[in-house]
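All remarks here apply to the structure that follows.
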Amino acid sequence: MKQRLEQSHAALKTLIEKRGNDFYPSFHLAPPAGWLNDPNGLIYHDGLYHAFYQHHPFSEHWGPMHWGHATSNDMIHWQHQPIALAPGDDYDKSGCFSGSAISHEGKLYLFYTGHNWLGEEGDDSQIYEAQCVAVSEDGIHFEKKGIVLPPPEGYMHFRDPKVWYQAGKWWMVVGARDEKDQGQVLLFSSETLFEEGHQWNTQYTVLGKTDDKNVYMWECPDFFPISNENDFALVFSPQGKHAEGYQFRNQFQTGSLIGKWSPEKTFDLRGGFLELDNGHDYYAPQSFQTPDGRRVSMGWMDMWNSPMPSKNEFWAGCFTLPREIIFDKRQNRLRMLPVKELESLRGEKNTIQPINLINQSIKLMDNAQSVELDLTWSLDSQAEKFGLWLGKGLEVFIDKQSNRLIINRHYPQYDISGYRSAPLPAGSEINLRIFIDRSSIEIFVNQGDLTFSSRYYADHNDRQLQLFATSGSAQLISGEYWPLNSINK
C-alpha cells in the first residue's frame with residue numbers, strides 16, 4: 001500500500017496547488033482538494049478527535065475511494081493528516097468504502113468495506129463487498145489486515161460497518177440489500193475485535209428492514225444508545241424512497257428509527273422513520289461519543305448527482321458542523337444541536353434591536369461569508385412572508401400562507417433552483433440559529449425541532465445579508481449575529 005499512498009499524496013498535492021477558494025468553507029471540514037463524501041471513523045482516540053472520510057485525491061470527481069484523514073483538539077479546528085487508506089489489494093481493488101473506527105488497547109482500528117467491481121466499473125449488478133480492517137499504532141499510519149467479515153450467502157450489496165463494544169462482546173451493523181432488492185441492516189457479533197487469521201462469525205440477525213417496496217438499500221447504518229433504559233437509535237440512509245408531498249424530495253434521505261434493544265434481543269421499534277434533516281444536502285451521518293459523554297454526529301453536506309460548482313475549483317464535498325444528538329423521549333425522536341465548541345469561532349457580537357418590519361428589509365452585512373445568527377420571530381406576525389435574504393439567490397423564510405418554514409435557492413447559472421420546507425413548530429415564536437459559510441447554510445430551529453442543511457453558490461458580489469417582511473408586518477423579537485473566524489491557516 002505504501003507505493004499507492006505515495007502516488008495518492010502526489011496527486012493530491014498537485015490538486016491543492018490548483019484549488020480555488022471562492023466556495024471553499026471557512027469553518028467546515030472539507031478535503032484539502034479532490035473529492036469528499038461520507039464521514040468515516042469518527043472517534044476520540046489518544047487525546048484527539050479523528051475524522052476520516054471517503055476521498056478521491058486524484059480529481060474533484062468521485063472515483064476509487066480512499067480514506068482521507070483529519071485530527072482536531074476541539075472538533076472545530078482540523079489539521080489534515082496523510083491519506084489513511086488507498087485501494088488496490090485483492091480485497092479492495094475498486095475502493096475502500098465507508099466504515100468506522102475503534103480505539104482499543106492503545107491502537108486505532110479502521111473497519112471498512114473492501115469493494116470490487118466484478119464486471120465493468122460502476123456496474124452494481126456485479127460486485128463483491130466484504131468488511132476489512134486496518135490497524136495503527138500511532139493513529140496516523142495504518143496497516144491493512146484484510147477481510148474480517150465476508151458477505152453472508154445471498155448478499156452482494158453489503159457495506160458500511162459500524163462497530164461498538166457492549167455486554168462483553170463486539171458488535172457490528174452493516175447496510176445490506178437482500179436477494180429481493182430490499183434494504184436492511186444486519187447485526188453481527190464477535191468475542192474478539194481482531195486477531196491475525198481470525199474472522200467474525202457470519203451468523204447474523206436482521207436488525208431492521210424496509211417496509212417500502214421501493215427502498216432497495218439501507219446505507220451507512222449507525223446504531224447507538226440514547227438513554228439508560230435500552231432506548232437505541234438506528235440512523236441510516238435509505239435509497240429508492242419516493243417523494244411524498246413535501247417529504248423525501250432529495251434523491252436519497254437520512255433518518256432514524258427509535259426502539260428498545262439489548263444484546264440477544266430483537267430491536268423493538270417505537271414509531272416510524274423520521275428524516276433527520278429537512279435541507280437539500282445531508283447524507284450518511286456518523287456519530288461518536290466525546291470524552292464528556294455527549295453523542296456527536298457529522299454528516300456529508302452534499303447530495304448524490306446534484307450540481308457541485310465547487311468542482312470548478314478542484315474540490316467537492318464538506319461535512320456538516322458537529323451536532324450533539326439529544327433524545328426527546330416525550331416525542332420519541334432525536335434532536336440535533338450545534339456543539340458548544342463552535343462558540344470559540346465567534347468574533348464581536350452584534351445586537352439587532354427588536355423591530356417591526358412592514359413591507360421592508362434591513363441590511364445586516366454587505367458581504368456575509370462566515371457568520372452565525374440567532375433570530376427570534378413572532379409567529380403572530382401578519383406578513384405573508386418574512387425571514388432572511390442572502391444576495392439574490394438564497395432565502396430562508398416563514399410562509400404564513402402554507403404555515404411552513406422554507407429554504408429556497410436559485411442559481412440558474414449552475415442549474416440549481418428549488419426549495420425544501422417543513423411545517424412550522426407549534427407556539428407563538430420561532431427561533432432560528434443559522435450558520436452561513438461560503439457555500440453552505442445550516443439552520444437549527446427551536447433547539448432542534450427542525451434542522452436544515454443546504455449548499456448554496458452565491459457570487460462574490462451577491463452576498464448582502466438582509467432581514468425582510470413582505471405583504472404585511474413581521475415582528476423580530478430579538479436578534480444577534482457574530483462574524484466567525486476561519487479554521488484555515
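The values are calculated or read from the model by the stated rules, or taken from the named source; none is laboratory data. Source: prediction; values computed, not measured. Here the Cβ is made from the backbone with ideal geometry for all residues, glycine too, and neighbour counts use every protein chain on show. Areas reflect the complete protein model, heavy atoms only, side chains present, ligands, DNA and RNA absent. Shrake-Rupley method; radii C 1.70, N 1.55, O 1.52, S 1.80 Å.
For this structure, a couple of remarks:
- Stretchable slack from ARG270 to SER344, in nm (0.36 nm times residue separation minus alpha-carbon distance): 22.9 nm
- Solvent-accessible area, 1.4 Å probe, carbon plus sulfur percent, for the range 203-290: 44 percent
- The range 37-86 and the range 179-238 have Cα centres spaced 23 Å apart.
- Accessible surface, the chain, averaged per residue in Å² (probe 1.4 Å): 40 Å²
- Sum of -39500 (n - 2.57) over DSSP H runs of 4+, divided by residues of the chain (222 nm, nearest 500): -1000 deg cm²/dmol
- Simple spin-label estimate for GLU6 and VAL206 in nanometres, 7 Å along Cα-Cβ: 4.9 nm
- Short-range pairs are left out: with C-alpha atoms under 8 Å and at least six residues apart, the relative contact order of the range 14-75 is 28 percent.
- Net length available on complete extension from SER428 to ASP231 is 67.7 nm, with 0.36 nm assigned per residue and the Cα-Cα distance removed.
- Measuring only protein heavy atoms, the 1.4 Å probe finds GLU229 accessible over about 110 Å².
- Quick note on the chain: its Rg to Rh ratio, both from C-alpha atoms and Rh being the Kirkwood radius, is 0.97.
- Theoretical FRET efficiency, 1/(1+(r/R0)^6), r = Cβ-Cβ of GLU17 and GLU196, R0 35 Å, to 0.05: 0.30
- Residue list for the range 103-124, given a label point 7 angstrom along the Cα-to-Cβ vector of ASP46 and an amide N cut-off under 18 Å: 103-111
- Projected label points at TYR414 and GLN382, each 7 Å from Cα along the beta carbon direction, are separated by 3.9 nanometres.
- The angle between the Cα long axis of helix 2-18 and the main principal axis of the chain comes to about 20°, on a 0 to 90 degree scale.
- For the range 59-214: rounded, prolate or oblate by the Cα gyration tensor [a/c cutoff 1.5]: oblate
- Across the range 54-79, the residues whose backbone nitrogen lies under 20 Å from the label position 7 Å along the beta-carbon direction of GLN251 are 54-66.
- Just so you know, the averaged projected area of the alpha carbon convex hull for the range 219-326 sits at 8.6 nm².
- Take every pair of alpha-carbon atoms less than 8 Å apart whose residues are at least six positions apart; their mean separation over the length of the range 332-489 yields a relative contact order of 42 percent.
- Across the range 60-76, the residues whose backbone nitrogen lies under 19 Å from the label position 7 Å along the beta-carbon direction of LYS489 are 69-76.
- Per-residue extension of 0.36 nm, minus the Cα-Cα distance of GLN331 and ASN367, leaves a gain of 9.0 nm for this segment.
- Surrounding net charge for THR113, when Lys and Arg each add one and Asp and Glu each subtract one, Cβ distance under 9 Å: -2
- Using C-alpha pairs below 8 Å separated by at least 6 residues, the relative contact order for the chain is 14 percent.
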